[in-house]
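Working notes, beginning with the structure itself.
The values are calculated or read from the model by the stated rules, or taken from the named source; none is laboratory data. Just so you know, these numbers come straight off a predicted model, no measurement behind them. Note that each Cβ is placed from the backbone with ideal geometry, even for glycine, and that neighbours are counted across all protein chains shown.
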Amino acid sequence: MLTHTVLAASDAAPAIPVGITSLLRFAMIGIGALLVITGVYRKVTNPYSGGTAPIGAGVMLMMGALLFEPMMNFALDLARMASGESAGAPSSRASATPTPSAPTTPAAASQPVDITGLLNILGVVGAVVLLLALVAGIGWLIHTKVAPSLRAARSVATEQAARLSAAHVELKALLARQAEYATDLRLQIDYPMMTDPADVMVRRFVTAMREALGLRDALPAKPIAEQVARFQASVGDFAASFDAAEQYAHRIAQSRFSVDERRRLKDARILLDQIEDAGLHEAQRNASYRRLAKLLDGLITITEPIRLALAAHVPMLTLEATTSRPKETAR
């Protein structure tokens, strides 16, 4: 009779619906995993970011999800045991009237305590400890191995982009300097060597310029380190050869020409100043252009832009790009 009473009291203990507990556990595990992934990603991309807090919160949520059901089961077991003991305690009124009962045995008098819930809790705690150890190992690996590699890769990429940008800027500046000699007739008169294709130093920097332009046009959207290095080296060769030619051209100026040829160049320079005079009549300006064309014809190399500009004012003259007659001197 006492045994049936204990069982009935145990069965009457409340229970938590399985669907609600499962839903809560899955939600907690999902949110915790998302937080852990977010924290690990932030640590990988930036080791100095605050990724530790999301990882800790995610681990705590997953621990709570794992411990939720075992702890509730253990609490229910304790509630069942407590209900059974209170139902089995004899009251003073019942003891006054003896009732026949079956003889009790030592096994029936002391029922073993159910420790299944405690074992479940210990197992979950062990699993959580292993999980924490795994997370700590992954964090250590990221901090010591992955993060330095990522930082080094980003540093190399940044340095390569900076070198490529500097090479583009330098090439643009060199092309602008070279274009001044090709489009400014005063520079062509003062430093005729810079537009003389027969000069060795001019041929050298023109070859380097063409090579640099070819490599620039062949660069892909994301060039590799070797392509950037080749392009940078070609721009450096162009700069060195152009600087050497320019310095030499400024040093010799018009010294390769005879006295009569230098006089013609001087007269051409004076005509240029007269042509730019705003008070000059159109007929006088055209006459000055014709005289200028005759002075320079066959004397210096006139570039294509200057030749076309002169031909617009002197249509009856055919100005071909000619090579200056002075002989090369030793470098």
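What residue, among those in the stretch 204-216 that are under 15 Å from GLU170 (Cα atoms) and over 22 Å from the mean Cα position of the chain (by Cα), is surrounded by the most Cβ atoms within 10 Å (Cβ to Cβ)?
ALA212
Kindly establish whether ARG93 is modelled with pLDDT of 65 or more and not acidic (Asp, Glu).
Taking the combined requirement at face value, the residue does not satisfy it.
Pull up the stretch 161-202, narrow it to residues that are of a type in the set (Asp, Glu) and free of Cβ contacts under 8 Å to residues at least 24 places away in the same chain, then point me to the one that is surrounded by the fewest Cβ atoms within 10 Å (Cβ to Cβ).
GLU180
Does TYR289 satisfy the criteria of being surrounded by 12 or more Cβ atoms within 10 Å (Cβ to Cβ) and modelled with pLDDT of 95 or more?
Taking the combined requirement at face value, the residue does not satisfy it.
How many residues are among the polar types (S, T, N, Q) and within 24 Å of ALA233 (Cβ to Cβ) when one looks only at the stretch 150-195?
The total comes to 5.
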